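Note sheet for the following structure.
The values are calculated or read from the model by the stated rules, or taken from the named source; none is laboratory data. Everything numeric here is computed off the predicted structure, so don't read it as measured data. No Cβ is skipped: glycine too gets one built from the backbone with ideal geometry, and neighbour counts run over all protein chains shown. The accessibility values were calculated without ligands, DNA or RNA, using every heavy atom of the protein model including side chains. Shrake-Rupley method; radii C 1.70, N 1.55, O 1.52, S 1.80 Å.
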Amino acid sequence: MEVNKSFKPYVAPEQRIPEFTVKSILFGSLFGILFGSSTVYLALKAGLTVTASIPIAVIAITLGRKFLKTTILENNIIQTTGSAGESIAAGVVFTLPGFLFLSPGENGVSMGEGYFTYLTILILAAFGGMLGTLMMIPLRRSLIVKEHGTLPYPEGTACASVLQAGEKGGVFAQTAFSGMGIALVYALLQKVFHVIAEIPAFVTTQANKYWPSATTRAEITPEYLGVGYIIGPRISGVLVAGSVLAWWAMIPLLSTLVAPDTIALQLVKLGNLANLNTAGGYGNWDPQTHTFGNYADALYRAYIRQIGAGAVAAGGFITLIKTIPTIVSSFRESIGSLKDKGQGSVLRTEDDLSFKFVIIGSIGLILLTAFLPSTIIPGDNILQKLFIGILIVLFGFFFVTVSSRIVGLVGTSNNPISGMTIATLMGTCLIFTSIGWSGKFYEPLALVVGGMICIAASNAGGTSQDLKAGYIVGATPRLQQMALFIGAIVSSIAIGVIVQILDTPTPEMVQQGIKHAIGSDKYPAPQATLMATLARGILSFNLDWQFVMVGVFIAVTMELCGIKALAFAIGLYLPLSTTLPIFAGGAVKGYVDWRAERKGEKVQDDELGRGSLFATGLIAGGALTGVIVAILAVVLPGLMDAFNVEHSLTESLGIAGYHILGTAFFVAMMLMLYRLAVKK
């Protein structure tokens, strides 16, 4: 194989410095748990993730220089181990909560609810994470080394720059840490003391003659502001456009056309309302007056979410179709390069884990899937689960290859994981129906395949960026691969706990008969809901196709207009309260870039700009505080109420004044982000 002879890593192959040490693995595992937890929180709420490799690298070099006395290669192991948590968390949240939304069984409970347990989440997360790393072992030389000049792997290259800059000193971490600190204080004021309103809202009445039941809400959190800044004005604008169509156009229209009883019957059909004679549910149904307290929420649950699911499915599929040429060429080139492995003595920087390890590991995963009890992995018998295991490994190898090459070109944040998972799920369901496996019983099996492939493809994308960073700084691939396995297992242990805690309903939800916080407005889990909708629709033929098809053609319309359909579709599915503050962050980024262009300055669009680092800190600080508060609310429910000052503030300022106060805090945080971003 032709290796790039002209490239010289930062640490020469002949140098032997500390790398795979106890402290690097411990701190990497800790960061994996922290950033994995924040990713679970963010993905459940917004259906979005942001790469964690760069902030972990920034924190690693700061702590490493001051306290741990770590080398550049130890810092690389810290960020490699830690980044596995974020990648696996994304894959888990995008699919496994779908167990809650499958077809109801005879007892009226979802067929998959029995599998939404800590043990099943842990095993599927760990297996998927290990599969993603396993399949990347033979691909490293072809994708990272051979194509060093053609596949930039943007986050991996940026990580390498951070690690090298850390050796020379710098102020990267100071900016990221200040973002985390501001987010922590803001989130405590909002989520514990309730000085800042969580969701300021303005809703027109159903009787409004011009614009009935139009809803303007914004969940003004630091993590949404940070996400918006990082994804930029274009994507955040398309995202909010989908919500504008739903909440400012479709819902007001439907509220004048559809009778309240018809909406209530649709909610009963979807399981969001017990029956027409029971009060409550989404939209607060009143059986006496046959009206809703909030028509917008009722219509969103009854119709908009299904339209949005159709749009997301179509958007993901369109994205997949557009990348088919890349998929085919990358798969062919990667397979061709496997037999082209170099011979003779191996340098430290070319020392991978053996291909035998990949074969044995893959067989082991298949056998474990087959022989684990059916209470953990769904299936009637060992042969059925053996077939599932083989499907997972085959789909896994294909989509890991695809994922790795795509992130090499466009970065992890733009990896079409949803599209690949949709394709896997549809392919699995079609295989099932072709061999006579149709009906509700097979829905959990299909979701297991889709879930593990999503986790594997997501982890493969992150693994590729880590291996790229390692290649540039001169790491030992074998040690990085071992660190990734450790990171996958440790993070999976924590992710299962966080998912279960966040799924615990609040006392208000329990009163409304809601058993799971995931799937509610608190944690919509848009991607997982979509996966469950697809599995139900193909295997059980019980989907409201008329609403899904509206979404499909909205996505097609957007694509024909030259707009990225998937981003628009996610916005259509998500509430406006989520996308509006994300758009606010994108608007700040857009204004910063416009100002720089007007002054003839270089536009800072890389991950190492002050604005991006501060925004990353806002995401990490806000999301982690959200997780901590959620844990405290479950463990010490009474404690949270003791600090709540919302009642006294609303009494003195009025509800409108309280919402204005919260908005003022959010605007102040936007100004802080702007001032830091334009600072030289």
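Descriptive notes on the structure:
- Annotation for segment 32-134: trypsin sites (Lys or Arg not before Pro) lying in DSSP loop with at most 13 further Cβ atoms inside 10 Å of their Cβ are LYS69.
- The chain - percent relative contact order, Cα under 8 Å, separation 6 or more: 32 percent
- Computed about the Cα centre, the dipole magnitude for the chain is approximately 1540 debye when only Lys and Arg (+1) and Asp and Glu (-1) carry charge, each at its Cβ.
- Close amide H pairs (under 5 Å, H built 1.01 Å from N) link SER110 with GLY105, residues at least 5 positions away or on another chain.
- The alpha carbon convex hull volume per residue for segment 458-603 rounds to 217 Å³.
- Hydrodynamic radius (Kirkwood) for segment 163-278, which is based on Cα pairs only, to one decimal in Å: 18.3 Å
- With the convex hull drawn around the C-alpha atoms of segment 473-547, the volume per residue stands at 193 Å³.
- Each other residue within a Cβ distance under 15 Å of THR117 adds +1 if Lys or Arg and -1 if Asp or Glu, for a net charge of -1.
- Residue-count net charge about MET672 - beta-carbon cut-off 13 Å; Lys, Arg +1, Asp, Glu -1: +3
- Given LYS191/LYS515; LYS146/LYS589; LYS385/LYS468; LYS522/LYS564; LYS66/LYS599; LYS468/LYS522, the pairs whose alpha carbons are separated by over 30 Å: LYS146/LYS589; LYS385/LYS468; LYS66/LYS599; LYS468/LYS522
- Accessible surface of the chain [probe 1.4 Å, protein heavy atoms]: carbon and sulfur percent: 66 percent
- For segment 433-486 versus segment 217-264, the gap between their alpha-carbon centres in whole angstrom: 32 Å
- Within segment 49-179, all pairs of alpha-carbon atoms sorted by distance into 10 Å bins from zero give the percentages 11, 29, 28, 19, 9, 3, 0.
- Reciprocal mean inverse distance between Cα atoms of the chain - Kirkwood radius, Å: 25.5 Å
- Screening the chain for DSSP H helices whose Cα atoms reach 30 Å or more along their own axis and whose mean Kyte hydropathy is at least 0.0 gives 22-46, 72-95, 382-410, 443-473, 477-502, 576-598, 610-635, 646-678.
- Surrounding net charge for LEU502, when Lys and Arg each add one and Asp and Glu each subtract one, Cβ distance under 15 Å: +1
- Each Cα pair under 8 Å and six or more residues apart adds its sequence gap; the mean of these over the residue count of segment 519-640 is a relative contact order of 11 percent.
- What the Cα convex hull of segment 539-680 gives, in volume per residue, is 233 Å³.
- The antiparallel fraction among DSSP beta bridges confined to the chain stands at about 90%.
- When the alpha-carbon atoms of segment 1-107 are used, the pair Rg, Dmax equals 18.7, 66 angstrom.
- Restricting segment 634-680 to chymotrypsin sites (Phe, Trp or Tyr not before Pro) in coil, as DSSP defines it, with at most 16 other Cβ within 10 Å: PHE643
- Secondary-structure-derived ellipticity at 222 nm for the chain, considering helices only, amounts to -22000 deg cm²/dmol, per-run term -39500 (n - 2.57) for DSSP H runs with n ≥ 4.
- Simple Cβ-charge dipole of segment 553-625, Lys/Arg +1 and Asp/Glu -1, about Cα centre, in debye nearest 20: 200 debye
- Packing, as the average of other Cβ atoms within 10 Å across residues, places the peptides 623-633, 304-314, 238-248 in the order 304-314, 238-248, 623-633, highest first.
- Remark: the chain carries 39 Å² of accessible area per residue (probe radius 1.4 Å; ligands, DNA and RNA excluded).
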